[in-house]
2 protein chains.
Amino acid sequence: MLAMVIVWLKAYLGGFAWNGGLQEFNVHPLCMILGMIFLYAEATLVYRVLRNCEKLKVKLIHAGLLCFALIAMIVGLVAVFTFHNDSHISNLYSLHSWCGIATISMFCAQFVLGFLIFLFPEANSDIKSTYLSLHQFFGGAILVLAAISTISGINEKLFFVYAKKPKSYSQLPGGAVFGNVLGIVVVIFVCFILFILQKTEWKRPKEEDLFFEPILSEGSDNE
Amino acid sequence: MLAMVIVWLKAYLGGFAWNGGLQEFNVHPLCMILGMIFLYAEATLVYRVLRNCEKLKVKLIHAGLLCFALIAMIVGLVAVFTFHNDSHISNLYSLHSWCGIATISMFCAQFVLGFLIFLFPEANSDIKSTYLSLHQFFGGAILVLAAISTISGINEKLFFVYAKKPKSYSQLPGGAVFGNVLGIVVVIFVCFILFILQKTEWKRPKEEDLFFEPILSEGSDNE
């Protein structure tokens, strides 16, 4: 997915630069897909992939990956706002941008609440367990919102780039087919992540189960 | 949501007619949101809302609502294809349409498999319980795909309708703001449905629990 977005932006849409032009705009889809789809999704999987590691370590990796996602997202936002301002294009009018702002707001709220409740200063265990199920639900919901923003964004970009004949979007030139396939790949990626997240058997066992397991296996070793 | 889509299409985009023109196109967003978002979502909720009713009755209501969703979806598809053909516009080139076709294909596969395995001729209970978790996952995934298709579709439509100044999309005329708000309402609706679906406490109890419950309560009545 990441290789495809780089090839799409470099080979078909003019590559990258920080010059206030379309090449600066290209930093936007790259950073948003890197941050809000790829790194964000990896962060949600950490509790599954490292489900037998020490909890604090896994929490820090989860938070660390989300910090990288946050940085990529900020760079992607700066790129599109400075491009719009330099080219005298209005900001935040399309439904794509409204969905994007909704995604980012929910991401930031989830980030701050997660930090305060699970990491520092860390709430008491009643609040933690009540909030955990909401944190998990919104974790998936933010990924769904990010997918909605990504697909509407790629679709919008392809209508802008291939606006005129003979290279209109409806003639499906190379870059349009490539962009469509990239969109479908993003959707498949997000579906796989959601599948992994809802699979009960792959969830991290609760602390008490982790605690009892070694005792039981020690017991059977001694027999 | 349904009231909003009707107001948006009637008050801002010219209303409905079956004349091969833009008024026929308007049947497309109406039927797709009615079928693939509203009726589809209601069908997924039936096992929660009627969770203490007889299983076969609930299955038939679930299948019945999905039949209505299928009919609305077919009418919506016929509307857009005949509009495109009559106006000499290419079919199925945009990422919106690719996502839409993916959504519909998955919906049809899920419909046929669900019918064969759960209703008629009905598979044995091993196959049923193995397939049930997949059916539940794809039930949510299809709703996510429908939301992705809807948002990219509304976004695309608003760029088409408000293409030129002074009523360009970036000036946010009334119909554009209304369309954006409709999109956000669809996203909120889908998030609520996904929240209800993942909530374990609201799931239908397994058959054996339903079977044991009356015996237990009879017992305590007799005491």
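The values are calculated or read from the model by the stated rules, or taken from the named source; none is laboratory data. Treat the numbers as computed from the prediction; the structure is a model and nothing was measured. FYI the Cβ positions are ideal-geometry reconstructions off the backbone, even for glycines, and counts take in every protein chain you see. All accessible areas refer to the heavy atoms of the entire protein, side chains included, with ligands and DNA or RNA removed. Shrake-Rupley method; radii C 1.70, N 1.55, O 1.52, S 1.80 Å.
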Self-check item: Most mobile of B:180, B:26, B:124 in a GNM of chain B (Cα contacts under 10 Å)
Solution: B:124
Practice problem: Could you give the size of the charge dipole of segment A:68-194 about its Cα centre, using +1 on the Cβ of each K and R and -1 on the Cβ of each D and E, expressed in debye and rounded to the nearest 20? | Solution: 540 debye
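In the P(r) worked out for segment B:2-204, what percent of Cα pairs fall beyond 20 Å?
Values: 12122 of 20503 pairs.
Cα-Cα pairs of segment B:2-204 separated by over 20 Å account for 59 percent.
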Self-check item: Of B:10/B:164; A:57/A:206; A:57/B:203; A:10/B:164; A:206/B:199, pairs whose Cα-Cα distance is over 25 Å
Solution: A:57/B:203; A:10/B:164
Quiz prompt | Neighbourhood net charge (15 Å Cβ-Cβ; Lys/Arg +1, Asp/Glu -1) for residue A:199 | solution = +3
Quiz prompt | Other-chain or far-sequence residues with amide H under 5 Å of residue A:20's (modelled H) | solution = none
Exercise. Please give the solvent-accessible surface of residue B:156 in Å², to the nearest 10, using a probe radius of 1.4 Å with every protein chain present.
Key: 30 Å²
Exercise. Just read off the accessible area of residue A:132 with the full protein assembly in place, 1.4 Å probe, to the nearest 10 Å².
Key: 70 Å²
Self-check item: Alpha carbon centroid spacing (whole Å) that separates segment A:25-73 from segment B:16-74
Solution: 37 Å
Exercise. Could you give the size of the charge dipole of the protein assembly as shown about its Cα centre, using +1 on the Cβ of each K and R and -1 on the Cβ of each D and E, expressed in debye and rounded to the nearest 20?
Key: 1980 debye
Self-check item: Charge dipole (debye, nearest 20) of chain A; +1 at Cβ of Lys and Arg, -1 at Cβ of Asp and Glu
Solution: 1040 debye
Quiz prompt | In order through segment A:108-121: 3J(HN,Hα) via Karplus (6.51 cos²θ - 1.76 cosθ + 1.60), integer Hz, x for Gly, Pro | solution = 5, 4, 5, 4, 5, 4, x, 4, 5, 8, 9, 10, 7, x
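If one takes the accessible area of chain A alone plus chain B alone and subtracts that of the pair, with a 1.4 Å probe, what total in Å², rounded to the nearest 100, results? The partial results should precede the final answer.
Details: alone 12810 and 12810 Å², together 22530 Å².
Roughly 3100 Å² of accessible surface disappears when A and B pair.
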Practice problem: Leaving ligands, DNA and RNA out of it, report the carbon-plus-sulfur percent of the accessible area of chain A at a 1.4 Å probe. | Solution: 68 percent
Quiz item: Name the residues of segment A:81-123 whose accessible area falls by at least 40 Å² when all protein chains are present instead of the chain alone, probe 1.4 Å?
Solution: A:93, A:95, A:98
Quiz item: In nm, to one decimal, how far is the modelled label at residue A:101 from the one at residue B:59, with both set 7 Å along Cα→Cβ?
Solution: 4.9 nm
Practice problem: With a 1.4 Å probe on protein heavy atoms only, tell me which residues of segment A:150-171 lose at least 30 Å² of accessible surface in the complex relative to the chain by itself. | Solution: A:151, A:152, A:155, A:159, A:170
Quiz item: Is the protein assembly as shown best put as rounded, prolate or oblate by its Cα gyration tensor, with a ≥ b ≥ c the root eigenvalues, rounded for a/c under 1.5, and otherwise prolate when a/b is larger than b/c, oblate when not?
Solution: oblate
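Just need the relative contact order of segment B:2-204 here, percent rounded to a whole number, with Cα pairs under 8 Å and 6+ apart. The partial results should precede the final answer.
Numbers: 186 pairs, mean separation 51.9, N = 203.
The value is 26 percent.
Looking at the square roots a ≥ b ≥ c of the eigenvalues of the Cα gyration tensor of segment A:18-70, which shape do they give, rounded for a/c under 1.5, prolate if a/b is larger than b/c, or oblate? Please report the intermediate quantities before stating the final value.
Details: a/c = 6.47, a/b = 3.27, b/c = 1.98.
Taking the square roots of the gyration eigenvalues as a ≥ b ≥ c, segment A:18-70 is prolate.
Residues of segment A:2-214: accessible area per residue at 1.4 Å, in Å²?
I get 48 Å² per residue for segment A:2-214.
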Exercise. For segment A:2-214, build the charge dipole from Cβ charges (+1 Lys, Arg; -1 Asp, Glu) around the Cα centre, then report which of A:136, A:25, A:7 sits farthest towards its positive end.
Key: A:7
